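Worksheet: the structure to be examined is printed underneath.
Nothing in this text is a laboratory measurement; each read-out follows from the coordinates by a stated rule. Because the structure is a prediction, the values reported are computed rather than measured. Here the Cβ positions follow ideal geometry from the backbone for every residue, glycine too, while neighbour counts run over all protein chains shown.
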Amino acid sequence: MVTNLTAVLQDMDRKHHIHPFTDSKSLNEKGVRIITKAEGCHMWTSEGERVLDGMAGLWCVNIGYGRKELADVAYQQMLELPYYNTFFQTSTQPATELSAKLAEITPEGLNHVFYANSGSEANDTIAKMVRWYWNTKGQPKKKTIISRVNAYHGVTMAAASLCGLFGMHPQFDLPLQGFVHADCPHWYRFGGDMDPEEFGLQAARSVENMILSLGAENVGAFIGEPIMGAGGVLVPPASYWPEVQRICRKHDVLVIADEVICGFGRTGTWFGSEQLGIDPDFMTIAKGLSSGYQPISGVMIHDRIADTLVDIGGELQHGFTYSGHPVASAVALENINILQREGIVDKVGAETGPYFQARLRELVDHPLIGEVRGIGLMAAVEIVEDKATRKPFDGSKNAGMLVREEAWSRGLLVRATGDSMVMSPPLVMTRADVDELITALTQALDAAEPILRG
Ligand SMILES: Cc1ncc(COP(=O)(O)O)c(C=O)c1O
């Protein structure tokens, strides 16, 4: 039974709103859920349902909902200077201060930032900068970018071409030329009987094989999320990243770390690169940069790249109206201040992250769960029909979607990526929130099992 307000909004939405990554036809039959407010780690619907947001929105509300400080900063900035651009010899105080702050908190050498509004735009910018860099270096053939199967990097033409979730390509005749995909380093699905660390080295070698078959003189860069997010929270073996890093340096291939999800504390350190042994030339940041309170993203550029691009002179023929938007920058700055002031990242690394991972690993014994994986406050549990053989359920059973709905009806939002239940809660989650999540998820799995096996 839906209330009048819900019905009215659902009807308007059905008539006028095209949703991202959604089958509009089937959504219109079901009707949207209207989210009306949120506080901390919980949100409420127009029907009064209280739901634990196990995804922090879309992996982004790192400091949790309802932080008045961010609203105050945005309000003050709007009164003082709601907009000015950063194009023609101008900047604003928030954009400039945020740049210095980002240079301070990101890994060594990443001392320059270019702003955009979304992760996709930032990755698109990097795809252009890779071309610019190698053109500047007098190596105009060195342009192909190697990504990976199951990678997610966004939706612009270049970012979608980088994606290795191949369902994203046919509608738009993608990928564009010059974007290729190496193996996915997910041991559970692709490693078979191999030792995980040996498999990690093999997956890294697939990058080298690709470089060699294309010719290193044609390969400009390699891009990877430290831990793949939308692909299903795929944590690579520890051997993987250092070997990829070594291979890229050996062949003079730039390394791009897409930290859109992993950045700003998600993995228990400020950036995933620090934990996984990555020394990136470019780093993509978004989401947790402002905890989703304002749309803002950035490309962090290492000194060794920026020096070439800056010293050579010549105007950069690229930029967005809202690059370094003062309100978004002010909010991002305050968001980082809160993360620092409240020691949120350290807490994820030392306390809530390990507790969350330990509690989730109790589900290893659940009859439906083949693998539990994750680090810090990002994780997935993968549903299988047969644990011994890792065989998934037949696709027609829609196991992931079933568990997602069972979880929702128990007051928990988790996402289904295929049959992996994916989680990325706000970083301010308490132990009690973790317990609430585990209880609801376990009950959802228990409820789904007889239906799936029936
Ligand atoms: C790793 C990664 N890169 C890029 C993007 C694209 O970001 P946006 O949706 O802000 O364009 C995402 C979004 O989920 C992401 O997870």
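Structure values in brief
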read-out: Computed FRET value (nearest 0.05) for PHE21 with THR308, which takes r as the C-beta separation and R₀ as 51 Å; value: 0.85
read-out: Pairwise label distance in nanometres, PHE166 with SER409, each label 7 Å out on the Cα-Cβ vector; value: 3.6
read-out: When each of LYS141/LYS287; LYS143/LYS250; LYS250/LYS347; LYS101/LYS137 is checked by Cα-Cα distance, pairs over 26 Å; value: LYS141/LYS287; LYS250/LYS347; LYS101/LYS137
read-out: Residue-count net charge about ALA448 - beta-carbon cut-off 10 Å; Lys, Arg +1, Asp, Glu -1; value: -1
read-out: Cα gyration tensor category, rounded, prolate or oblate, for the range 29-83 with a/c compared to 1.5; value: prolate
read-out: Cα-centred dipole magnitude for the chain, charges only on beta-carbon of K, R (+1) and D, E (-1), debye, nearest 20; value: 660
read-out: Point-to-point label distance, PHE190-ARG14, nm (Cα→Cβ direction, 7 Å offset); value: 4.3
read-out: Which listed pairs, of LYS25/LYS397; LYS30/LYS387; LYS37/LYS397, have C-alpha distances above 25 Å, in listed order; value: LYS30/LYS387; LYS37/LYS397
read-out: Local net charge near LYS397, Cβ-Cβ under 10 Å (Lys/Arg +1, Asp/Glu -1); value: -2
read-out: Overall form of the chain per C-alpha gyration tensor (a/c, 1.5; a/b vs b/c); value: oblate
read-out: Theoretical FRET efficiency, 1/(1+(r/R0)^6), r = Cβ-Cβ of ALA7 and ARG205, R0 60 Å, to 0.05; value: 0.60
read-out: C-alpha center-to-center spacing [the range 381-454, the range 132-166] in angstrom; value: 33
read-out: Over the chain: helical MRE at 222 nm, DSSP H runs n ≥ 4 each giving -39500 (n - 2.57), nearest 500; value: -12000 deg cm²/dmol
read-out: Under Karplus coefficients 6.51, -1.76 and 1.60, residue-wise ³J(HN,Hα) of the range 261-274 in Hz, glycine/proline x; value: 8, 5, x, 6, x, 4, 8, x, 10, 4, 9, x, 3, 4
read-out: Sites GLN317 and ILE35, calculated FRET efficiency, Cβ-Cβ separation with R0 41 Å, nearest 0.05; value: 0.55
read-out: In range of the label at SER91: residues from the range 280-304 whose backbone nitrogen is under 16 Å from the point 7 Å along Cα→Cβ; value: 298-303
read-out: Label point distance in nm, SER213-LYS387, each placed 7 Å from Cα along Cα→Cβ; value: 3.8
